[in-house]
Amino acid sequence: IDPELVLPTMRSAVEEQLNLIALGRADFHAVLQHTVEIFKQKFHYFVQSIEAMDQLFEVSFSPLSASGKAHSRCGKCRRYMKYIQTKPSRMHCAHCNETYNLPQNGNIRIYKELKCPLDDFELLSWSTGARGKSYTFCPYCYNNPPFRDMKKGMSGCNSCTHPTCAHGMNSNGLSSCLECDLGILVLDPSAAPKWKLGCNRCDVIIHLFENAHKVMIDTDTCDCGAQLVTVEYKQDKSKLPNEATEMIGCVFCTPAFAALVEKHRAVASKPVVTRGRSHTKSRNRGKPKPPKDKMAQLAAYFV
């Protein structure tokens, strides 16, 4: 568009004027005003002629807005964003002209058309397979973390500390991770009916209650520090004692749950030998999950 922008002549001309200022042969303010005016005019010319650059690129490349398939709704304009599958995968809103990064190396799908309570973006689910990691996330929160303890490009709903959101860590967190110091085991509802808990920091996964109709994290806690869970099966698929359809207990301590819980690591990680779990070990897992005191959570949220 403007060949002079890539040539050394403009810089050398400015340096020559600076030398004259140093020798007292040119006025600083006059040189400054003259130089700024030149770049201002070049900027306006560049903006007016940018279509020529677009046309040149469109010969070889298609615009981002023309690629991808309609996927989920934008929380700002309520229109469908396009899912760009070519790496790095992204979500693009043509109406808002905004692009959102996504978790990589996994499958992205809409999660029940549910929306984030903070920004109205439709929630998505990321998964690396039935025996891999998975979690739900909001495209906007993933790129613009709403809380200080969430990291950009690394945080899904399993790390969101919203005090009342049904999809966040406070509603679906079970206990501290069995193997890492900072992780929390969080239930992933999007994996149903192959229910699983996943650490939001490391690659520990616990498969549990396969084919259960519903699994919910309760507000009550076990003596070991983990939250109790409510499990519901349909009558013809129950795996609970005496063909019960509903039961409340601790994933680690309730004997009836022992055969329905399997701990391993995500398939993408380095294989390790899985050791058996005893009640003694489950009662000494380190830091317990933060208490579910709603008033304390709200206070922390607003602070």
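Here are a few things to note about the model shown:
- Each listed q (0.14 Å⁻¹) maps to a log10 I(q)/I(0) for segment 8-61, found by the Debye formula over equal Cα scatterers with no solvent: -0.53.
- Per-residue 3J(HN,Hα) values for segment 130-145, derived from phi via the Karplus relation 6.51 cos²θ - 1.76 cosθ + 1.60 with θ = phi - 60°, read 4, 10, x, 6, 7, 6, 8, 7, 9, x, 6, 5, 4, 9, 9, x Hz in sequence order (x marks Gly and Pro).
- For segment 41-53, 3J(HN,Hα) per residue [Karplus equation, 6.51 cos²θ - 1.76 cosθ + 1.60, θ = phi - 60°, Hz, x = Gly/Pro]: 5, 5, 5, 4, 5, 5, 5, 5, 9, 5, 4, 4, 5
- Between amide H atoms placed 1.01 Å from N, distances below 5 Å from ARG73 occur with MET81, GLU122, all of them 5 or more places distant or on a separate chain.
- For segment 206-214, 3J(HN,Hα) computed residue by residue from phi via the Karplus equation (6.51, -1.76, 1.60; θ = phi - 60°) reads 10, 7, 7, 6, 4, 6, 5, 6, 8 Hz, glycine and proline entered as x.
- Taking amide H atoms as placed 1.01 Å from N in the peptide plane, the amide H of THR221 lies under 5 Å from those of LEU228, each 5 or more residues away in sequence or on another chain.
- Options ILE50, SER12, LEU23, ranked by Cα towards positive dipole end of segment 8-61, top entry (Cβ charges): LEU23
- Cα convex hull, segment 72-201: 105 Å³ per residue, rounded to a whole number.
- Signed unit charges on C-beta, dipole axis of segment 64-167, positive-most listed residue PRO117, GLY132, GLY153: GLY132
- Placed amide H near ILE184: partners under 5 Å, 5+ positions off or other chain: CYS177, ASN200, ARG201
Each reported figure results from applying straightforward, stated rules to the coordinates on display, with no laboratory input. The structure displayed is predicted, hence computed values, not measured ones. Virtual Cβ from ideal backbone geometry, glycine too; neighbours counted across all protein chains shown.
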